[in-house]
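What follows is a short report on a single structure.
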Amino acid sequence: MGELTLGVFPSLVGSMSLDFAFKLAEAGMAKGHKVNMWLSGNAVMMAKKGQKAFKDYSHNEKKMKELIGKGMEITVCEACAEARGYHKEDTPEGMKRASMDWYLAKTVKTDRLLHIGGE
Amino acid sequence: MGELTLGVFPSLVGSMSLDFAFKLAEAGMAKGHKVNMWLSGNAVMMAKKGQKAFKDYSHNEKKMKELIGKGMEITVCEACAEARGYHKEDTPEGMKRASMDWYLAKTVKTDRLLHIGGE
Amino acid sequence: MGAVKLLFVVQRPPYKSENPRLALTHAIASQTAEIYMDDGDSVVPTVVFVGDGVLNAVKNQNAMKVYGVTSTENHIKSSLMIDMPVWVCKEDMARLGLKEDQIITDAEDMGAELKTTFVSYADIQKEMEAVKHLLFF
Amino acid sequence: MGAVKLLFVVQRPPYKSENPRLALTHAIASQTAEIYMDDGDSVVPTVVFVGDGVLNAVKNQNAMKVYGVTSTENHIKSSLMIDMPVWVCKEDMARLGLKEDQIITDAEDMGAELKTTFVSYADIQKEMEAVKHLLFF
Amino acid sequence: MKLAVFLSDWRRTEDTFERLKADKLGVVLVGNGIYHAVVKEGGKDSPVLSKAGASFYVLSDDLETRGYTAANVNSKVKVIGYGDIVDLIMNDYEKTAWL
Amino acid sequence: MKLAVFLSDWRRTEDTFERLKADKLGVVLVGNGIYHAVVKEGGKDSPVLSKAGASFYVLSDDLETRGYTAANVNSKVKVIGYGDIVDLIMNDYEKTAWL
């Protein structure tokens, strides 16, 4: 089994791309792969707990928690989070905060990288 | 003097469009106009106080407070805020939270509307 | 001010951003805006899908089943239910190869009487001229 | 694993989104990534501006003065200062009418020795093939 | 109608601008829209500038942010500031459209 | 190289896709990229589908979300699920590019 790292970047809020990343992570883990996820830019919106689950909005907190419970490593860009006013105490349980070097380091050992950096 | 309403919508985080809206509001008020601002979609990122002012990121909290002090009405979409985990206690002082009907009602009396709804 | 007309123009496809959805939810909010207005004032919105925006009006959207999110289809039907005009540009449907039977034409299942109106771009231009404010999404 | 090469490809103009800036700041972070890595491992990034992305490399950006935000120019110079290769695609410069004297070619004011490299698209393609991972912004 | 159109993108994904008609049309280039005023792709003016009968404006703040000055701006386009945009919206035009 | 390219937009603002070369190229249409598989603008296939030597895939979840099914999909394109994308990434291709 391999290791897949997903880098999830800006302009994903309100789009379905963040949903895509979580569904892909779920499918990867179901097949026995190790999955890491890096959230940067606007994707750090996941780093605020207590998001209300309206039917009109994507809501990935529950799935994220499940995947963390099953061993997914998920880390959020600390500076991107702070710039948006998401502090340490806002971070959902099991999510790590780190500098960008965490993501860079992951690219060394991971078998595959899917970097969702586009618009 | 007239009344100008700015509707500021998604996909503005990390772009300079939110900065544009605040600078335009400032210029409008400097000329004696009444300015209202509605923040919806991703623009509700302004509804979280305590954002760290990194040089790498747009930081409009200070200007927003100045403009509120000078009489700008600024209201944020309550549902859009809650969906992102921004609660009442996160709201910066002087900013109102309301349903979308607040914005719709403003369009009746305002002389001009600049609705920044695009990507 | 009396009745003020607004035109919500949706010019991009659904889901990639929440704007098309926000166009519909904001237009629908005109129904409850009276609490902020003087007696006799009202907002009269029309939502028009133009350009690639017509892709929002394709029926059988399964966003709720697949991603747990209300579909744009559902919001369009909610609009028809409160008698808010929903227009779809015919020229753009033709350009993208969309037939009327692929488009959300009614919300009879929700008890709506109003149906989607298929309009030409010239009608949209005319409405742009008639309204007080334009809101492009 | 030894040294792992990465190519950061910036294909869109600056400021409209923070991605071009994040490409540079992430690439720069390779300098401090050792703390998470085994001895002997390292990440070797190159940042290339291609397509409309070359507009990021236009010099004299006054983002700090005007909007109080670090310019993309500043991040490019920081990259040169830590000897990180910064490439700009020649064909795209020509297409957009950009001359070399309009582009950030060095960061001598910051004490950098490395200069911007003007490359052809063929060089970029070759580098895409050589690296372990591609990161498009 | 008297319409002020705001363009904030260089590559556009809609054709609304091409289809829009107005008796009096102002085109305000802001954000990455400023590239229409300064870049000649393949040696040619941006197609945006060929809109018949329109007046073109570009925001100086957004030019400077991106490394350009009034000296680089196409002669069809007038360089303006935020205060001027306020005047255009409040005095010269009746409606706005941010595409 | 063996490269899996992800397209998530209908109107694209970059030409990277047209310029990319790979010995083995997979094109995975996701998000609004699915319109390349189902819409024939002006009666013609999307230019994306004319990329020489490429294999095309479309994500069924994103088709269904937007009101389309496998029956609408261009015969050049294979309908797949999330698990299949995992296999493409981990087994069939070496690198990925999300444009």
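Tabulated data
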read-out	value
Only Lys, Arg (+1) and Asp, Glu (-1) charged, at Cβ; the protein assembly as shown dipole about Cα centre in debye	220 debye
For segment B:39-46, Karplus couplings with θ = phi - 60° (6.51, -1.76, 1.60), whole Hz, Gly/Pro x	10, 9, x, 5, 5, 5, 4, 6
Of D:T32, D:T70, D:T46, the one that fluctuates the most in a GNM where chain D has Cα springs shorter than 10 Å	D:T32
Nearest-first distances (nm) between copies at E:T69, label 7 Å from Cα via Cβ	6.4
Teacher prompt: F:D23 distances to equivalent labels in other copies, 7 Å Cα→Cβ, nm	6.7
Closest approach to the axis - chain D beta-carbon, rotation onto C, Å	D:S17, 6
D (Stokes-Einstein, µm²/s), Kirkwood Cα radius, the protein assembly as shown, 1.002 mPa s at 20 °C	83 µm²/s
Packing-based exposure ordering (other Cβ within 10 Å, fewest first) of A:L39, C:L134, C:L96	C:L96, C:L134, A:L39
16 Å Cα-Cα reach of A:K34 towards aspartates and glutamates, excluding residues that sit fewer than 8 places from it in its own chain	A:E3, A:E26, A:E66, A:E73, A:D111, F:D87
At 1.002 mPa s and 20 °C, Stokes diffusion of chain B via Kirkwood alpha-carbon radius, µm² per second	151 µm²/s
Rg to Rh quotient for segment F:2-98, alpha carbon positions, Kirkwood Rh	0.93
B:A53 paired with C:K115, simple spin-label distance in nm, labels 7 Å along Cα-to-beta-carbon	5.9 nm
Within chain A, helix-based [θ] at 222 nm, where runs of 4 or more DSSP H residues each add -39,500 (n - 2.57), nearest 500	-9000 deg cm²/dmol
For the F-to-E rotation axis, chain F residue with nearest beta carbon and its distance in angstrom	F:T13, 3
Kirkwood-based Rg to Rh ratio, chain D, C-alpha trace	0.96
7 Å along Cα→Cβ, label-point gaps from C:M1 to other copies, nm, shortest first	5.8
Relative contact order (percent, whole number), chain C, Cα cutoff 8 Å, 6+ residue spacing	31 percent
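Every read-out reported here was derived from the displayed coordinates using simple, explicitly stated rules and does not represent laboratory data. What you see is a predicted model; the values in this text were computed from it and never measured. Positions of Cβ are generated from backbone atoms using ideal geometry, with glycine treated the same way; all protein chains shown enter the neighbour counts.
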